[in-house]
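The values are calculated or read from the model by the stated rules, or taken from the named source; none is laboratory data. Model, not experiment: these values are computed from the prediction. Cβ atoms come from the backbone with ideal geometry, glycine included; neighbour counts cover every protein chain shown.
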Amino acid sequence: MLLLHIFGDGLVLTPTSSGTEEFVQTLVLWLILVTEVLAAITIGAGILLTITKAAGALLKKEPNGYERARLTLARFLALALEFQLAADVLGTAVSPSWTGIGKLAAIAVIRTALNYFLSREIKEEVRSTGGRGLLNLERTQRQPESESS
């Protein structure tokens, strides 16, 4: 623990007695709240975008529209889970407990599994559509450069 020595009086202030520890805990609690709000906003944005994509695919009768909309939502959920994991890490850093550490471990495992399966689905989407699916924008941006060479 960091100790601050004030010379003259021989007084030793600790983070607890100086109020620093309480200030840092309050700051971290605010960071946790902001991070959790960002996670909720991310999920909300993902839902809205997915509904928009699914409705557009339904109206245009796109064959791969459902899969693309579903993978869009999965990406937003994975990002929101990253925010939740960050909030849990902050919470565990401030007041570690076995319950908090267990929750953190469970979320980390879920996030890792979700990202693994999501990346597999995206690779399968690209493979099955020949690059005309989800990642088409990236490929079309590269093509003009190679054609101009």
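Computed quantities for the displayed model
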read-out	value
Condition check for Ile107: in contact with a helix residue (DSSP H, G or I) (Cβ under 7 Å, 6 or more places away or on another chain), surrounded by fewer than 13 Cβ atoms within 10 Å (Cβ to Cβ), at pLDDT below 90 and part of a helix (DSSP H, G or I)	no
Residue in the range 59-79 that is surrounded by the fewest Cβ atoms within 10 Å (Cβ to Cβ), counting only those that are modelled with pLDDT of 85 or more and closer than 15 Å to Thr112 by Cβ	Leu79
Test: residue in the range 48-58 that is more than 29 Å from Val24 (Cα to Cα), surrounded by fewer than 18 Cβ atoms within 10 Å (Cβ to Cβ) and among the β-branched types (Val, Ile, Thr)	yes
